[in-house]
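Working notes, structure below.
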Amino acid sequence: MFLSPRHAEIIQMAKDHGRVLVEDLATHFSVTPQTIRKDLNDLCDQRLLTRIHGGALFPSGIENMEYEARRKIAAEEKEAIGRAAARLIPDNASLFINIGTTTEAVSKALLDHNGLMVITNNINVANRMRIYPSIEVVIAGGVVRGSDGGVVGEAAVDFIRQFKVDYAVIGASAIDHDGALLDFDFREVKVAQAIIANARHVILVSDQTKFERTAPVRIGHLSQVNTFITDRCDIPSVRRICEESEVRLIETALG
């Protein structure tokens, strides 16, 4: 397949960062936003990128993108989501924090809390929080994924089932418009399901790019969570599910 040099560079940038934005590309290449929109539409027509509002994503298919690329996608939005989630969790609470770059943003926002007991299967979360004496960190045992420090497998599931906590903070690799919460690794999904089942209040944290992605393994359904925090939700069916299932929807971009 022949690609112009600009198209090839756009794809490489999307692969490196997970997402490209029209305005940033227009500045980078010194062309008009209209030219970039046409480039992105052409690349999406060839299924090399996936179009989102204001830009495009590197397509996920059946494999998740690299951890560093995921961490960079919507980084500012994830920080705002993390702060909003932290405001819901009081001092002296017990909570699960699951795998994911957005759940890691929540852990960062929780560092000023006191008396927390944090149970996690995310080595990055444990490493960040362990140095704070006001926070007790308990980490699951199991297989450690080299790609992102996630602890998965049956041993992690059995470990999670020993607890019943006040809050759970979970993420998802994709959210279908019918409310299905999706991921890539069935071993990770088993842990996430155990976390949902053993928390009194489940907080789903996910930026709006997850509405544009797909993944093959079902975690559960949006109706199973108590609070859904995102930067913006423009999907009518998702908003309807939240309303009908009494899921509190918090959109950080709306203030």
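Of all residues in the range 158-166, one or more are hydrophobic (A, V, I, L, M, F, W, C), surrounded by fewer than 22 Cβ atoms within 10 Å (Cβ to Cβ) and closer than 22 Å to VAL247 by Cβ.
Is one or more of the residues making up the range 231-239 open to solvent by 10 Å² or more (accessible area, probe 1.4 Å), among the hydrophobic types (A, V, I, L, M, F, W, C) and closer than 24 Å to ILE119 by Cα? No: zero hits.
Note on the range 72-89: among residues that are within 11 Å of the chain's Cα centre (by Cα) and open to solvent by less than 40 Å² (accessible area, probe 1.4 Å), the one that is modelled with the lowest pLDDT is ILE73. A residue that is open to solvent by 50 Å² or more (accessible area, probe 1.4 Å), modelled with pLDDT of 80 or more, touching a strand residue (DSSP E or B) at 6+ places or on another chain (Cβ under 7 Å) and of a type in the set (A, V, I, L, M, F, W, C) occurs nowhere in the range 3-10. If you go through the range 1-31 one residue at a time, how many are polar (S, T, N, Q) and farther than 26 Å from GLU77 by Cα? Total satisfying the criteria: 2.
Yes/no matrix, rows are residues, columns are (1) at pLDDT 95 or above; (2) open to solvent by less than 10 Å² (accessible area, probe 1.4 Å):
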site: ASN92; (1), (2): yes, no
site: LEU95; (1), (2): yes, yes
site: GLY115; (1), (2): yes, no
site: VAL143; (1), (2): no, no
site: GLU154; (1), (2): no, no
site: ALA168; (1), (2): yes, yes
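Listed by position, the strands (runs of 3 or more DSSP E) inside the range 165-228 whose residues that are over 16 Å from the mean Cα position of the chain (by Cα) number at least 1 are 165-170, 199-205.
The values are calculated or read from the model by the stated rules, or taken from the named source; none is laboratory data. The structure displayed is predicted, hence computed values, not measured ones. Because the Cβ atoms are built from the backbone with ideal geometry, glycine has one as well, and the counts that use them run over all protein chains shown. Side chains are part of the model used for accessible areas, which takes the heavy atoms of the whole protein and leaves out ligands, DNA and RNA. Shrake-Rupley method; radii C 1.70, N 1.55, O 1.52, S 1.80 Å.
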